[in-house]
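Just below is one structure, and these are the notes that go with it.
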Amino acid sequence: MAKNILVLSLLVITCALVAAFEPSPLQDFCVADPSSSARVNGLACMDPKLAQADHFVFSGLHVAGNTSNPLGSRVTPVTVAQIPGLNTLGIALARIDYAPWGVVPPHVHPRATEILTVIEGSLEVGFVTSNPDNRLISKVLQKGDVFVFPVGLIHFQRNVGHGNAFSISGLSSQNPGVITIANTVFGSNPAIADDLLAKAFQVDKSVVGQLQTKF
Ligand SMILES: *[C@@H]1O[C@H](CO)[C@@H](O)[C@H](O)[C@H]1NC(C)=O
């Protein structure tokens, strides 16, 4: 009897874990209906009879993103915001361009594991495990190499080659989300109290103030 309950609760836990990511679709597709005000986990579906090829298409991923910015990188996302037909399907893509020494700063995707492949150039990539170990797992990748950033972990990329670089990432959510650490912590609106951040980062308030002006 107790064993049955144990098996049952394990089943329930397993189901709950599976449901923590995008649930399996119950229909062929669910093209997002931008005009619907219905609130569901994802976006409301349009009438499937109205679905067209264009709802499943994105063009231009062969074009390099503009990396003329302080980070020297540019992400071109291809999520449900670009392809309404991705709604409920649990997958997305991104192209990332890097100028020499360009950086994608430490960030998190709250809803997706990312699998990145280097198409051109060489990239230093890494992620950090959660507390208490905070172990850095990093590697320099060459063209054709593939690396995985597990869901929810802080990760980063940097172009360590001589020329421009670019990579393509697959992500396990139609809407992976991005939390850039510096922007969220030092650039929130309204700002987090500077004395709180000074204590959190163990620095002087003036250092916090300087960081807050940058984000
Ligand atoms: C790239 O971005 C910079 C800075 O915003 C801008 O001045 C420049 O015109 C852009 N280049 C192209 C080709 O769009």
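List of remarks:
- Cβ-Cβ distances below 8 Å connect the following pairs, each with a first residue in the stretch 201-215 that is free of Cβ contacts under 8 Å to residues at least 40 places away in the same chain, a second residue that is surrounded by 11 or more Cβ atoms within 10 Å (Cβ to Cβ) and among the acidic types (Asp, Glu), and a separation of six or more residues or different chains: 205/194; 208/194; 209/194; 212/194.
- Per the listing 139, 214, 205, the residue uniquely more than 25 Å from residue 78 (Cα to Cα), among the charged types (D, E, K, R) and surrounded by 12 or more Cβ atoms within 10 Å (Cβ to Cβ) is 205.
- Residue within the stretch 155-172 that is without any contact (Cβ under 8 Å) to a residue 40 or more places away in the chain, surrounded by 16 or more Cβ atoms within 10 Å (Cβ to Cβ) and of a type outside the set (A, V, I, L, M) present: no
- Complete set of residues in the stretch 45-63 that are assigned to a loop (DSSP other than H, G, I, E, B) and away from the ligand (no atom under 16 Å from the Cβ): 46, 47, 51, 52, 57, 58, 59, 61
- Selection within the stretch 106-131 - open to solvent by less than 50 Å² (accessible area, probe 1.4 Å), in contact with a Lys or Arg (Cβ under 8 Å, 6 or more places away or on another chain) and among the aliphatic types (A, V, I, L, M): 118, 123, 125, 128
- Single unsatisfied condition, residue 95 versus (1) away from the ligand (no atom under 16 Å from the Cβ); (2) modelled with pLDDT of 85 or more: (1)
- Checklist (1) within 30 Å of residue 60 (Cβ to Cβ); (2) not assigned by TED's automatic domain parsing to the domain that holds residue 122 applied to residue 166, failing item: (2)
- The residues in the stretch 64-86 that are open to solvent by 60 Å² or more (accessible area, probe 1.4 Å), within 16 Å of the ligand (Cβ to nearest atom) and under 15 Å from the mean Cα position of the chain (by Cα) can be counted, and the count is 2.
- Flag if residue 160 is more than 20 Å from residue 79 (Cβ to Cβ) and in contact with a Gly (Cβ under 7 Å, 6 or more places away or on another chain): no
- Some residue of the stretch 189-199 being within 29 Å of residue 123 (Cβ to Cβ) and surrounded by fewer than 17 Cβ atoms within 10 Å (Cβ to Cβ): no
- Residue satisfying all of: in the stretch 45-63; over 22 Å from the mean Cα position of the chain (by Cα) and of a type in the set (A, V, I, L, M, F, W, C); surrounded by the fewest Cβ atoms within 10 Å (Cβ to Cβ) among these: 53
The values are calculated or read from the model by the stated rules, or taken from the named source; none is laboratory data. Not measured: the values here are computed from a predicted model. Note that each Cβ is placed from the backbone with ideal geometry, even for glycine, and that neighbours are counted across all protein chains shown. To get the accessible areas, we keep the full protein, side chains included, count just its heavy atoms, and leave off ligands, DNA and RNA. Shrake-Rupley method; radii C 1.70, N 1.55, O 1.52, S 1.80 Å.
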